[in-house]
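Single-structure report; data block below.
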Amino acid sequence: MTDDSSRPDAARAPPTPSSSSSSSSPRARLRRFRVDVGTIICAVALLQSMLLVAFGYWGAEQLVSKVGESAHKVNHDRVEDNVLAFLAKTEALVRAIAHTPSLHPAGHDGDRTAELLWAALEQTPELDSIDVASDDGHLLMAMRYPEAAVRQVLRDADFSTETWEYKQPPDGDGDEDPRQRYETTRVESFRSDDDPTSDEDFVQAMKAQRPVWTSPFVLPAEKELGVSHARPSRRRDDEGRTQTLVVSASVSLGHLSSLVRLFGGTGHGHSALLSADHHVIARSDNPHLVRVLEDPDGGVLGALHAHMLASGSRGWTEDMAFALDHGGARYQVQTSHIPSTGWRLVSWEPEDALLGGLHRNVLWSLLLTLSFLAVSLFISLRLSKLVTAPIENLSRTARRIGRLELDALPRESSRVFEIQNLSQALDDSARSLRAFSKFVPVDVIKQLVAEGHALAPNGSPRRVTAMFTDVEGFTSISESMEAGVLMRQLTEYFNLATRVFARHGGVVDKFMGDGIMVLWGAPADLPDAEYQACIASLALHEEMKALNRKWREEGLQEFRTRIGIHTGVVIAGVLGSSDRLSYTALGDVVNVASRIEGTNKQLGTHTLISETTFAGLGGRLFTRRIEESIELRGRQTRMVLYELVGPADPATAANP
């Protein structure tokens, strides 16, 4: 009967509820959560790539927006520069005419003034008419619309006399004779009620007493809405009287819209000029001429005008740039204040027309980037598999090495230098352990690891059955044989014996020359150890018959084995020094088993067992009691021994 106090299972308490519940705690679940290297590589690559793509797309969109704003501002600035150039040119022309010494709408200076106005009109195709009016009601005008003519108005007390000298259009290339271009084709004269001093440009200039751009009004000659730049000029006539002349240059709103449309170039946007009192005076988005003053209501112009009004005074006095959504489209808008006139120049351009190509390029770039990302992830997965698959295989190999399963270990071949080194290192470790296992029983190592024994000298009481074997007459056998042959026979003998012992649960403790020490019940408990040891001894004798027959046929010496078996409590464990350890068993039981084996020689027997071992058999094997008590060498007391003969029932096999 075994000692339960020495059983490992008896020393282990069943798991408590607290320990069981702790295994399902969040920390335990976190410990069970694992990811492989391939997942980490792909996750990091995906995260970095998505961040790069997101920031790249955001940056590209920001850049496209800036490019759109800049491109639209360039278009707007071009229109503004041309408007300002037109205004400056008109102002300079009016100033130059106003400073002419011989300027007068009537009298002997009238002809020279008419030629001057006509020449100025030829040089400024943007203008519809240029005129000079005096405060006594006289007017001299050079006009190209509705027909090219020089119009003169002489005011009397009751009526005005108008003379129209029709000319050829003043828009030639300038290569003809100036006299021919100025020739009159026909003349018309008639009376009218026209009073030049009541014209809007004359009134506003006289009221301001400085150069002004007038509000829109109906031009007297063209009978259309227009604006004028009027400049008063005070001078003395030949009789010493002070006289005020007003020089004006006019352009119709329809012509001004054409100029704004022309200034806009070939872009996809439009521009408009708004007067100081919020009326449209020119626009490029409407093909018809502006013939009446209209408010900027409806359409994109109305929407952006409402936005400007919502911004308060800032929207009307400061330059602005903003985006506007209208009619399902988004527009880039720029506004500028024209200081000399009080007008507002407004330009708008559809963002899709302005940036559609860039947006499409950005989207294509995004799609290409995502495609490259998908390809890169696929390649990363493939590359990670080249790393993770061999590592997983090597980890399984390492676990097998940890379990001391050292046979038929697979080799892992890899092009990765580090993995190849790791595979070689594991192979070297397995080869070293395989060599080490020849000296230390693998079962002993597994049991020590399973029980958690520290690799330090330790031991504990354990009930075992110990067996010692010896080859009969080995000294004389070894003297008569060559060393090589003897070594081969011993190797075959030990191989057979260890197979038999392992088959019946025995653990070889050590080889001692031609002898073997075997333990049943250590390091692991073994039920019915006495019976298993005795069955193993009978099987060894039986299988040695076949081996001896083979040797006999080869002309070699036969081996006859003598066995001694005893059962009892020993100190079993890892014993030795701190530098060199060995698992073995110590105690009187081991010494007695060795002495019993030696007694075979004096009794002429082959297998002797002690009375304790005999009691453990329970009569299941056939034994013969040695009648007299045997005195063992080195012991004071005699022992009762039994010879193990064979199975109790002759029909029972020797190797159950």
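Here are some notes:
- Odd one out for Ala282, checked against (1) under 26 Å from Asp77 (Cβ atoms); (2) at pLDDT 80 or above; (3) open to solvent by 20 Å² or more (accessible area, probe 1.4 Å): (3)
- Every pair of residues 6+ apart whose Cβ atoms lie under 8 Å, when the first sits in segment 78-106 and is under 28 Å from His138 (Cα atoms) while the second is of a type in the set (D, E, K, R) and part of a helix (DSSP H, G or I): Ser102/Asp109; Ser102/Arg112; Leu103/Asp109
- Here Thr242 fulfils each of the conditions (1) under 18 Å from Thr197 (Cα atoms); (2) open to solvent by 40 Å² or more (accessible area, probe 1.4 Å); (3) touching a residue at least 24 places away in the same chain (Cβ under 8 Å) apart from (3).
- The residue pairs whose first member lies in segment 637-656 and is at pLDDT 80 or above and acidic (Asp, Glu), whose second member is open to solvent by less than 70 Å² (accessible area, probe 1.4 Å) and assigned to a loop (DSSP other than H, G, I, E, B), and whose beta carbons are closer than 6 Å, counting only pairs six or more residues apart or on different chains, are Glu643/Thr605.
- Filter result for Arg31 (open to solvent by 30 Å² or more (accessible area, probe 1.4 Å) and at pLDDT below 75): yes
- Within segment 536-582, tally of residues that are in contact with a helix residue (DSSP H, G or I) (Cβ under 8 Å, 6 or more places away or on another chain) and either among the small types (Gly, Ala, Ser) or without any contact (Cβ under 8 Å) to a residue 40 or more places away in the chain (or both): 5
- Residue check for Ala585: aliphatic (A, V, I, L, M), open to solvent by 20 Å² or more (accessible area, probe 1.4 Å) and in contact (Cβ under 8 Å) with a residue 12 or more places away in the chain: no
Residues are listed down the side, and each one gets a yes or a no for (1) under 18 Å from Val251 (Cα atoms); (2) open to solvent by 10 Å² or more (accessible area, probe 1.4 Å):
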{"site": "Thr113", "(1), (2)": "no, no"}
{"site": "Leu116", "(1), (2)": "no, yes"}
{"site": "Arg144", "(1), (2)": "yes, yes"}
{"site": "Val153", "(1), (2)": "no, no"}
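- Going through (1) modelled with pLDDT under 75; (2) of a type outside the set (S, T, N, Q); (3) open to solvent by 70 Å² or more (accessible area, probe 1.4 Å); (4) closer than 21 Å to Val79 by Cα one by one, Glu318 falls short only on (1).
- Residue within segment 607-616 that is surrounded by fewer than 19 Cβ atoms within 10 Å (Cβ to Cβ), more than 23 Å from Ser460 (Cα to Cα) and of a type outside the set (Asp, Glu) present: yes
- Scanning segment 525-549 for residues that are open to solvent by less than 40 Å² (accessible area, probe 1.4 Å) and either more than 23 Å from Gly598 (Cα to Cα) or touching an Asp or Glu at 6+ places or on another chain (Cβ under 6 Å) (or both) gives Leu547, Asn548.
- Lone unmet requirement of (1) at pLDDT below 85; (2) surrounded by fewer than 22 Cβ atoms within 10 Å (Cβ to Cβ) for Glu188: (1)
- Listed conditions (1) surrounded by fewer than 16 Cβ atoms within 10 Å (Cβ to Cβ); (2) among the small types (Gly, Ala, Ser); (3) within 15 Å of Val132 (Cα to Cα) are all met by Ser228, apart from (1).
- Residues that are aromatic (Phe, Trp, Tyr) and open to solvent by less than 50 Å² (accessible area, probe 1.4 Å) within segment 155-169 comprise Trp164, Tyr166, listed in sequence order.
- Matching option when the condition is out of contact with any Ser or Thr (no Cβ under 8 Å at 6 or more places or on another chain), of a type in the set (Lys, Arg) and farther than 24 Å from Gly473 by Cβ, among Arg620, Arg595: Arg620
- Only a single item in (1) at negative phi; (2) assigned to a loop (DSSP other than H, G, I, E, B); (3) of a type in the set (Gly, Ala, Ser) is not met by Ala92, and it is number (2).
- Residues of segment 479-524 that turn out to be surrounded by fewer than 13 Cβ atoms within 10 Å (Cβ to Cβ) and either hydroxyl-bearing (Ser, Thr, Tyr) or touching a strand residue (DSSP E or B) at 6+ places or on another chain (Cβ under 6 Å) (or both), as a count: 2
- Candidates Arg638, Arg562, Arg552 - the one that is touching a Leu at 6+ places or on another chain (Cβ under 9 Å) and open to solvent by 80 Å² or more (accessible area, probe 1.4 Å): Arg638
The values are calculated or read from the model by the stated rules, or taken from the named source; none is laboratory data. Just so it is clear, the structure is predicted and the values come from calculations on it, not from any experiment. Cβ: placed from backbone, ideal geometry, glycine included. Neighbour counts: every protein chain shown. Just the protein is used for accessible areas: all its heavy atoms, side chains included, with ligands, DNA and RNA removed. Shrake-Rupley method; radii C 1.70, N 1.55, O 1.52, S 1.80 Å.
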